[in-house]
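What follows is one structure encoded as structure tokens, with my remarks underneath.
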Amino acid sequence: MTAEPAAGAPPGHGPAADAPTGLAALLDPPGIAPPSWTATVIGCGNLLRGDDGVGPVLIRHLAAVGVPADVRLVDGGTAGLDTAFAMRGARRVLIVDAARTGAAPGTIHRVPADQLVAADPPSAGTPPVGTPSLATLPQPHAVRWDQALVFARWLLGADFPTDIVVYLIEAGCLDPGADLTPAVRRSMERVQTMILNDLATSVDLTAGDHDA
């Protein structure tokens, strides 16, 4: 059965035309506004493998000290492509993870957005395949946020955040059950300060936009 447009409704309008499409049609119930965040901070890693847990540990520290109300904190764990869904609705995305590049433990790598998603997007309806180009900063666990970013760009389309920064902390000990090493803990505290300053700037700029 085909629904007819309401009498007098202009072409291209009405419930069918105004209904959300794409991902929004699957995730947002009718009449419910999609999520919106000034920034989302995602900590990736495995809490059970020493320095690999630095991302989730940092998320817990940020929650304890407090962040602006329009900032979302996400423990990405080792959920892999779920990271793509966590980015939805955010103007900015900050990702924290461990890395193994051969640098000294505790070394901080800050990777800006323009280096993140270099792989060509898949054609419409085709899930992304292949490995993105950011292979010089490998992660110590199997979950790859860089692959999640490529997937997110395909999945979210126009809603994909264009302002993304990744903070990677060089891991030392990855033994099961180990705590963060002192060098990585100190670097985590530095990254925490960097992120809090970054978030304060984001919120101030957003407030200024609203006041203009």
Response to the item:
Among residues of the range 183-210 being at pLDDT below 80 and within 19 Å of LEU62 (Cβ to Cβ), the residue surrounded by the most Cβ atoms within 10 Å (Cβ to Cβ) is SER202
Practice prompt. Considering every residue within the range 126-137, establish whether at least one is at pLDDT 50 or above and either out of contact with any Phe, Trp or Tyr (no Cβ under 8 Å at 6 or more places or on another chain) or open to solvent by 30 Å² or more (accessible area, probe 1.4 Å) (or both).
Written response: no
Item to complete: Report, by residue number, each residue of the range 160-182 that is open to solvent by 30 Å² or more (accessible area, probe 1.4 Å) and either outside any loop (DSSP other than H, G, I, E, B) or free of Cβ contacts under 8 Å to residues at least 12 places away in the same chain (or both).
Response: ASP163, PRO182
Worksheet item: In the range 53-67, what residues are open to solvent by 20 Å² or more (accessible area, probe 1.4 Å) and assigned to a helix (DSSP H, G or I)?
Response: VAL57, ARG60, HIS61, ALA63, ALA64, VAL65
Worksheet item: Which of the residues that make up the range 17-52 are charged (D, E, K, R), surrounded by fewer than 17 Cβ atoms within 10 Å (Cβ to Cβ) and at pLDDT 60 or above?
Response: ASP28
Worksheet, complete the sentence: Per the filter on the range 68-91, residues outside any helix (DSSP H, G or I) and open to solvent by 40 Å² or more (accessible area, probe 1.4 Å) are PRO68, ALA69, ASP70, ARG72, LEU73, ASP75, THR78, ALA79, LEU81, ARG91
Worksheet item: Could we say that HIS109 is at pLDDT 95 or above and either surrounded by fewer than 20 Cβ atoms within 10 Å (Cβ to Cβ) or in a loop (DSSP other than H, G, I, E, B) (or both) here?
Response: no
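The values are calculated or read from the model by the stated rules, or taken from the named source; none is laboratory data. Please read all numbers here as calculations on a predicted model, not as lab measurements. Reconstructed Cβ throughout: ideal geometry from the backbone, glycine too, with neighbour counts over all protein chains shown. SASA here: full protein model, heavy atoms, side chains in, ligands and nucleic acids out. Shrake-Rupley method; radii C 1.70, N 1.55, O 1.52, S 1.80 Å.
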